[in-house]
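Notes follow once the structure below has been shown.
The values are calculated or read from the model by the stated rules, or taken from the named source; none is laboratory data. Note that the structure is predicted; figures quoted are calculated from it, not measured. Cβ: placed from backbone, ideal geometry, glycine included. Neighbour counts: every protein chain shown. With ligands, DNA and RNA removed, areas are computed over all heavy atoms of the protein, side chains included. Shrake-Rupley method; radii C 1.70, N 1.55, O 1.52, S 1.80 Å.
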Amino acid sequence: MRRNWFLLLTMGFGFAFLYVPILLLMIYSFNESRLVTVWAGFSAKWYGALLRDEQMLGAAWMSFRIAVVNASLATILGTLAALAMVRFGRFRGRTLFSGMLSAPLVMPEVITGLASLLLFVALEQLLGWPQGRGMTTITIAHITFSTAYVAVVLQSRLQGMDRSIEEAAMDLGARPAKVFLLITIPVIAPALVAGWLLSFTLSLDDLVIASFVSGPASSTLPMVVFSSVRLGVSPEINALATILVLTATVAILIAGWMMTRQERASQKLTEKREQQMG
Amino acid sequence: MTAEPAPGAAPVSRPPEILPGMAPWRMWLDAQIRHNGRRLVILVPYVWLLLFFVLPFAIVLKISFAEFRVGVPPYTALIDFTQDAYLRLTLALSNYKYMLDDEMYVIAYLNSLRIAGISTVLALLIGYPMAYGIARAPKGPRTILLFLVILPFWTSFLIRVYAWMGILKGNGLLNTFLIWTGVIDQPLTIMGTEWAVFIGIVYSYLPFMVLPLYATLEKLDPSLLEAAHDLGCRPWKAFLTITLPLSVPGIIAGSMLVFIPSVGEFVIPELLGGADTFMIGRVLWNEFFLNRDWPVASAVAVAMLLMLVVPIMIFQNIQAKQAEAAEERS
């Protein structure tokens, strides 16, 4: 095929556009100077400063805990929702359900944040729960939108899944719960991992919704970063950004590697079965 | 898709209701799961989303009709009992009237729509060739390229916007580079203008544009293009008459995924824009955090939602259609 230079050029531009800013940020995190745009030599001192910043560390720890709880519960809820959408055909209220599952994906964050806060205030007035706002309210708000993302990931996996093994197990007398635990879960495991990681990152990343539903004593990492970034560029934030980006990259690489390995294994299994049958 | 039973295998049978030697609690549990499992699977996420996603919007609507007062909570009740124990319903339309009368709100709404619209077009212009190129790439590189598109989405949104602050500001990296190469001799002012906001939005939402486009372009039947080529159609014409029309669903889905969240974007105009790039998300934020006027903030949110109802419906329609198509295929 003839090389299409126009296509190659625009693709190169697109990928450069995506990656150059992050790479620059990483390079300048090792800059000696406090001035972000002047290169004054290599130094890792901003990483040291970051490690001594107690406010930042406290916020990071809080964000981490929220993200773990959020990811775990959202994965459960999202999986249930995806099962209902893919497996149960038509049921009463399905249209509303699918609406509730896709709207959080596009809803502007300021609206979701304000709405969640007003709900928590109203609930506190009526029921006395949740008392004040903080980790609990942030976690609940995060689970709500993370569930929608997990449901998307799992729906596509469940749709693409070969159901013959499940059917075989049922025919051999296994009960639905057992089939689900022993067959469905292992088959959709890569999607579960992807969904968990996705909701973990979404939660770790959220500034707007957390700002609305947090209390005075609870600042998440993005909130601390935002208030510092508002004042301008700082090398300490560059160091933090580098750590976050590298962690995310490593996590994704591991998840991707696991998924391809699993896919290959199941492909081999199918091929083997086909050979035996044919 | 049931496989033929292997010769000699026991005839296919449904599980018997009671197995000998089974503990009573297990039988009870099994019966529960069989009868109510389905309902439970639907009900748990359903109730959660109703309670924490739908109900909040009803409350926003309610409070948008309340009036501001000093106290906790900072709004008046709509329904209360008068001294004669009559139920009284007070709907204050003042928030909406205030919003329509004050030019600032109308300008902010129009500004948001315009900025989101221009950014969506720019994202489409950059994202389409990328998606097309990825869909055409051989299988190995294609996986890597797709991975490279998705990866930024996994890194912090705030950090990615922040990265542009160091590049775009007056003495930032872009100006330093351009002056050093001699392209310009006066630093460009990008930071604080609408252009910075366009760049920020396109940069942050580009993966959302590329992925749906890639999904439709990848499914495209290559024999159509071959047929066109054999009949003497020029590549550009084949693209315009075959590829482009067939990728319309992807274009719409990607555009909605970029447009809808950008209308209410807060972080990007706050960090990259200036005082004149006033978008509605910022107005809502300020109304809530600076003025502490919850009723007006709620009215702003309701108006924003009304503006977005049509695009959100279109997006949901596409989602439903895709799900149906996927079901038919399987």
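Restricting attention to the range B:169-196, and to residues there that are β-branched (Val, Ile, Thr) and open to solvent by 100 Å² or more (accessible area, probe 1.4 Å), which single residue is farthest from the chain's Cα centre (by Cα)? Show your work before the answer.
Step one: of the range B:169-196, the residues β-branched (Val, Ile, Thr) are B:176, B:179, B:181, B:183-184, B:189-190, B:193.
Now narrow it down to the ones that are open to solvent by 100 Å² or more (accessible area, probe 1.4 Å): B:183, B:189.
Numbers: B:VAL183: 38, B:THR189: 30 Å.
The qualifying residue farthest from the chain's Cα centre (by Cα) is B:VAL183.
Let me confirm something: among A:ARG133, A:ARG90, which residue is at pLDDT below 90, open to solvent by 40 Å² or more (accessible area, probe 1.4 Å), farther than 30 Å from B:TYR75 by Cα and not in a helix (DSSP H, G or I)? Let's see the steps before the verdict.
On the way: A:ARG133 fails: farther than 30 Å from B:TYR75 by Cα.
Criteria check complete, one pass: A:ARG90.
Would you please name the residue that is modelled with the lowest pLDDT, looking only at residues in the range B:297-321 that are in contact with a helix residue (DSSP H, G or I) (Cβ under 8 Å, 6 or more places away or on another chain) and among the polar types (S, T, N, Q)?
Filtering the range B:297-321 for residues that are in contact with a helix residue (DSSP H, G or I) (Cβ under 8 Å, 6 or more places away or on another chain) and among the polar types (S, T, N, Q), the one modelled with the lowest pLDDT comes out as B:GLN319.
Closer than 30 Å to B:ILE318 by Cα and facing chain B (nearest Cβ under 7 Å), is that true of A:SER72?
no
Has the range A:151-161 got any residue that is facing another protein chain (nearest Cβ under 8 Å), under 30 Å from A:SER266 (Cβ atoms) and not in a helix (DSSP H, G or I)?
Yes.
If you check A:ILE111 against the conditions, is it over 18 Å from B:GLN319 (Cβ atoms), under 17 Å from the mean Cα position of the chain (by Cα) and facing another protein chain (nearest Cβ under 9 Å)? Give the derivation first.
Values: over 18 Å from B:GLN319 (Cβ atoms): yes; under 17 Å from the mean Cα position of the chain (by Cα): no; facing another protein chain (nearest Cβ under 9 Å): yes.
Taking the combined requirement at face value, the residue does not satisfy it.
Please count how many residues of the range B:87-132 are open to solvent by less than 60 Å² (accessible area, probe 1.4 Å) and not in a helix (DSSP H, G or I).
2
Considering each of A:LEU80, A:LEU96 in turn, give the residue that is facing chain B (nearest Cβ under 7 Å), out of contact with any Phe, Trp or Tyr (no Cβ under 8 Å at 6 or more places or on another chain) and free of Cβ contacts under 8 Å to residues at least 60 places away in the same chain.
On the way: A:LEU96 fails: facing chain B (nearest Cβ under 7 Å).
Just one listed residue meets the conditions, A:LEU80.
I'd like to verify a number: residues in the range A:247-258 that are in contact (Cβ under 8 Å) with a residue 60 or more places away in the chain and within 11 Å of another protein chain (Cβ to nearest Cβ), how many?
Qualifying residue count for the region: 1.
May I ask you to list pairs of residues, at least six apart or on different chains, whose Cβ atoms are under 9 Å apart, with the first in the range A:231-244 being more than 8 Å from chain B (Cβ to nearest Cβ) and under 11 Å from A:LEU35 (Cα atoms) and the second being in a helix (DSSP H, G or I) and not hydroxyl-bearing (Ser, Thr, Tyr)?
Cβ pairs passing all conditions: A:SER234/A:TRP46; A:PRO235/A:LYS45; A:PRO235/A:TRP46; A:PRO235/A:ALA49.
Taking the options B:LEU244, B:LEU271, name whichever one is open to solvent by 20 Å² or more (accessible area, probe 1.4 Å) and either of a type in the set (Phe, Trp, Tyr) or assigned by the TED database to the domain that holds B:ILE126 (or both).
Values: B:LEU271 fails: open to solvent by 20 Å² or more (accessible area, probe 1.4 Å).
After ruling out the rest, the residue left standing is B:LEU244.
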